Every structure is written in structure tokens, then in C-alpha cells.
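See below for the structure under consideration.
The values are calculated or read from the model by the stated rules, or taken from the named source; none is laboratory data. The structure presented is a predicted model; accordingly, all values stated were derived computationally and were not measured. Quick reminder, even Gly has a Cβ in these numbers, built from the backbone with ideal geometry, and neighbours come from all protein chains shown. Accessible surface areas use protein heavy atoms only, side chains included; no ligands, DNA or RNA. Shrake-Rupley method; radii C 1.70, N 1.55, O 1.52, S 1.80 Å.
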Amino acid sequence: MADRLNAAVLISGSGSNLQAIVDHIRSHDVPCDIQLVVSNNAAAYGLTRAARAGISTAVIDHRAYADRATFDGELARTIDSHDAEVLFLAGFMRILTDEFVERYRGRMLNVHPSLLPDLKGLDTHRRAIEAGHVSHGASVHYVTPALDDGPVILRGRLDVAASDTPQSLQQRVHRLEHRIYPQVVSWLAHGRLRLEGRTVYLDGRALPGTGEDYYDPHA
Ligand code: GRF
């Protein structure tokens with residue numbers, strides 16, 4: 001069906017964002033079909049979630065490939081054989097080659113647990129606390145070759161509490177991710193998003209570099 005968006009989701013672990021996207025697509029009748037869930041880790045719980053939702057799964061274990069390029073080549077072949085037009089990275093813990101990223105430029109999204117462009121990379125919750133940040137959150141962004149540097153579509157923001165630990169922040173941010181990622185998937189599937197250069201347009205309106213803002217005072 002040409003009016004529905006075919007997607008693949010790439011995971012490495014729990015897949016709670018995958019679950020949130022699947023649930024939102026169903027409950028809100030979003031015109032998006034997840035054709036495939038790929039994991040580089042055979043033990044990823046997200047594979048069980050996908051199977052339960054009736055979605056095809058594939059495991060491509062990076063350790064079986066000589067280098068990143070060969071692994072990414074197999075990934076691309078698998079994705080393309082399922083006719084996926086867009087890719088959602090959801091806790092996929094592999095760095096992708098520039099070639100792979102270019103192939104899906106403007107068609108690949110990721111969720112990162114910080115308010116980008118702040119706190120790129122790992123261990124964001126501990127770093128947010130150590131830096132004394134009063135706001136923290138997550139960002140859904142297009143993927144470009146530079147890590148965590150792609151144009152931001154939507155940021156979910158919460159207030160850091162004095163009592164927060166890296167663990168409590170991680171859980172609170174995770175819940176925010178489960179709201180903002182499905183929202184962006186819905187915008188995309190309804191044809192409301194456009195990327196031109198590094199500028200993201202939502203309903204024809206250019207978003208600021210930090211994307212649309214979703215602040216949850218209760219998160
Ligand atoms: C999330 O924290 C996300 O921000 C990061 O990986 C984690 C994935 O969690 N990119 P899950 O597998 O979706 O539960």
C-alpha cells in the first residue's frame with residue numbers, strides 16, 4: 001500500500017522504545033507498517049516483543065563479520081529485502097559506517113537520551129547530574145554520519161530533581177522517550193515531516209535547531 005510507510009527497527013536490547021512505537025501505531029491507527037526488527041544481539045528481549053507483535057525478526061551478529069563495512073552491507077541487504085523505506089534506531093548499540101548512513105540519509109531516525117546537542121555519547125544521565133543540569137531529557141533526530149549530531153526533530157524535557165540518581169533519571173527519561181519517539185513516527189507516517197539540508201520542517205514550518213519542544217513537568 002503506497003500510502004503506508006514501511007519501516008524497519010534496529011535494536012540491541014530491551015526494545016521498550018520498539019514496544020512504545022508498536023503500541024502507538026496500533027492504538028492511533030498510524031499508517032506505518034513495521035516490516036522487520038533487526039538485532040545484532042540474539043539475546044535482545046526486543047526480539048521477543050517483535051515476535052509477539054507478529055513482526056518478522058532477523059539477527060545479524062556483528063561478531064560474525066570481519067569489519068563494520070561487511071556487517072553494514074548485510075544489514076542493508078536484509079532491510080532492503082523487506083522493502084523498508086525508513087529505519088528507526090531504538091537502542092541499537094553499533095556505530096554505522098558513513099556509507100550505510102548516507103544510503104539512508106533522511107530516512108533514518110534515532111532516539112538519544114539527552115537534550116541534543118548537549119551530552120552526545122554515552123553515560124548521559126550521570127554526566128547531566130555531574131554537570132549540575134537542571135533540565136535533561138531525550139531527543140529524536142535524523143541520523144547523519146557524525147555521532148548524535150543529526151538534525152533534531154523533537155526533544156522531551158524534564159526537570160532534574162535534587163534527589164535524582166543516574167538510575168532514576170534514566171528511568172524518567174526512558175518514559176519520555178516512549179512518548180516522543182512514537183509521536184515522531186506518527187508525524188513521519190502522516191507525511192508531516194520534511195528534511196532539507198539540516199533544517200527539519202513540521203507541517204511546512206521550519207523547526208529551530210533543537211527541534212520541537214515537549215516539556216513534561218510531571219515526568
Ligand atoms: C534508550 O535509552 C535510548 O535512548 C538509547 O538506548 C536505549 C534503548 O532502550 N538509544 P530500549 O531498548 O528501547 O528499552
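Observations
- Residues that are of a type in the set (D, E, K, R) and farther than 26 Å from H141 by Cβ were ranked within segment 53-91; the one that is nearest to the ligand (Cβ to nearest atom) is D61.
- Verdict on G121 being within 13 Å of the ligand (Cβ to nearest atom), touching a residue at least 40 places away in the same chain (Cβ under 8 Å) and among the small types (G, A, S): no
- Boolean, G137 is in contact (Cβ under 8 Å) with a residue 12 or more places away in the chain and crowded, with 22+ Cβ neighbours inside 10 Å: yes
- Some residue of segment 8-27 being farther than 17 Å from W187 by Cβ, open to solvent by 70 Å² or more (accessible area, probe 1.4 Å), among the small types (G, A, S) and within 14 Å of the ligand (Cβ to nearest atom): no
- Number of the exception - A2 against (1) within 16 Å of the ligand (Cβ to nearest atom); (2) among the hydrophobic types (A, V, I, L, M, F, W, C); (3) at pLDDT below 95: (1)
- Scanning segment 154-202 for residues that are among the β-branched types (V, I, T), more than 16 Å from the ligand (Cβ to nearest atom) and more than 17 Å from the chain's Cα centre (by Cα) yields V160, T199.
- Contact map, segment 40-64: first residue over 14 Å from V9 (Cβ atoms), second residue of a type in the set (A, V, I, L, M), Cβ cut-off under 7 Å, separation 6 or more or different chains; pairs are A42/V59; D61/A42.
- When the residues of segment 54-78 are filtered to those that are open to solvent by 50 Å² or more (accessible area, probe 1.4 Å) and outside any helix (DSSP H, G or I), the one that is farthest from L89 (Cα to Cα) is A66.
- In segment 79-104, residue farthest from the chain's Cα centre (by Cα) [restricted to those that are among the β-branched types (V, I, T) and open to solvent by 20 Å² or more (accessible area, probe 1.4 Å)]: T97
- Within segment 169-192, residues that are surrounded by 16 or more Cβ atoms within 10 Å (Cβ to Cβ) reach partners that are of a type in the set (S, T, N, Q) with beta carbons closer than 6 Å, at six or more positions or on different chains, in the pairs E177/N17; Y181/N17.
- Residues in segment 210-219 that are over 10 Å from L154 (Cα atoms) and open to solvent by 50 Å² or more (accessible area, probe 1.4 Å) were compared, and the one that is modelled with the highest pLDDT is Y215.
- Just one of the numbered conditions (1) in contact with a Gly (Cβ under 7 Å, 6 or more places away or on another chain); (2) without any contact (Cβ under 8 Å) to a residue 12 or more places away in the chain; (3) among the aromatic types (F, W, Y) is not true of Y201: (1).
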